[in-house]
Amino acid sequence: MHNLPNITPELLQQPDNDLVFADKPSAHKPRILLLYGSLRQRSFSRLVTEEAARLLDAMGAETRMFNPAGLPLPDSEDVSHPKVAELRDLVEWCEGMVWCSPERHGAMTGIMKTQIDWIPLSLGAVRPTQGKTLAVMQVCGGSQSFNTVNQLRVLGRWMRMLTIPNQSSVAKAYQEFDDNDRMKPSPYYDRIVDVMEELVKFTLLVRDRSDYLVNRYSERKESAEAVAKRVNQGTM
């Protein structure tokens, strides 16, 4: 450590393969929360999300969808608001998420952003999104675009989530559903299958290891300094 003068040696941990895989895998189904970004009666982001939920169920996951209708704007209500409390409970419950938004004016919708804005980085001592998996999708009214999924990736990183490599962008979504609101066979549908399959795999891989994977030197150092300050403080 002589060549690392800025390091506190006892707090620097060497990543260990045995520690990564130390915990016995959980036996319950992967828990996936799905969010969509439109309140339209025939919302294509909701229809795509429902297709994703069916696929996840078939792949052995347990799914729940949040209906954003009635969710207030951020900071316009207290966190005790029933819709806010419902959303936060679901975020704590899940081990992975799917975010699907329409693209509006080259960006995600306000409905989508409002849901994400109500998810805090911390709830007491718990970080409800840190270390959880995330799949991002979007639907387009016209030609294919990736503006929204790119934005969702930025937000996922900010929320300290593990955003999987694959993603879905459905162009001209109004053409991709039949009269029963089921998605037609297409490369777009196949891509959604790929994304959900990858999400389940990544969730199984990291859900029992997220605490270890997100254990950071800087936070161990901060905690150690806080403890030292408390223990060494003078008489109150």
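The values are calculated or read from the model by the stated rules, or taken from the named source; none is laboratory data. Please read these numbers as outputs of a predicted model, since none were measured by experiment. Here the Cβ is made from the backbone with ideal geometry for all residues, glycine too, and neighbour counts use every protein chain on show. What goes into the accessible areas is simple: the full protein's heavy atoms, side chains included, and nothing from ligands, DNA or RNA. Shrake-Rupley method; radii C 1.70, N 1.55, O 1.52, S 1.80 Å.
If I ask for residues that are over 14 Å from Leu33 (Cα atoms) and open to solvent by 10 Å² or more (accessible area, probe 1.4 Å), which ones from the stretch 119-138 would you list?
Once the filter is applied, which keeps residues that are over 14 Å from Leu33 (Cα atoms) and open to solvent by 10 Å² or more (accessible area, probe 1.4 Å), the stretch 119-138 yields Pro120, Leu121, Ser122, Leu123, Gly124, Ala125, Val126, Arg127, Gln130, Gly131.
For Arg64, state whether it is within 17 Å of the chain's Cα centre (by Cα) and either open to solvent by 10 Å² or more (accessible area, probe 1.4 Å) or farther than 25 Å from Pro185 by Cβ (or both).
Against the criterion (within 17 Å of the chain's Cα centre (by Cα) and either open to solvent by 10 Å² or more (accessible area, probe 1.4 Å) or farther than 25 Å from Pro185 by Cβ (or both)), Arg64 qualifies.
Residue pairs, Cβ under 6 Å, 6 or more apart or interchain, first in the stretch 65-91 and touching a residue at least 24 places away in the same chain (Cβ under 8 Å), second open to solvent by 40 Å² or more (accessible area, probe 1.4 Å) and among the acidic types (Asp, Glu). List them.
Pairs that qualify, where the first residue is touching a residue at least 24 places away in the same chain (Cβ under 8 Å) and the partner is open to solvent by 40 Å² or more (accessible area, probe 1.4 Å) and among the acidic types (Asp, Glu), are Pro74/Asp117.
Is one or more of the residues making up the stretch 7-24 in contact with a Gly (Cβ under 9 Å, 6 or more places away or on another chain) and either surrounded by 13 or more Cβ atoms within 10 Å (Cβ to Cβ) or polar (S, T, N, Q) (or both)?
No.
From the list Leu87, Leu56, Leu47, pick out the single residue that is open to solvent by less than 30 Å² (accessible area, probe 1.4 Å) and over 17 Å from the mean Cα position of the chain (by Cα).
Among Leu87, Leu56, Leu47, only Leu47 is open to solvent by less than 30 Å² (accessible area, probe 1.4 Å) and over 17 Å from the mean Cα position of the chain (by Cα).
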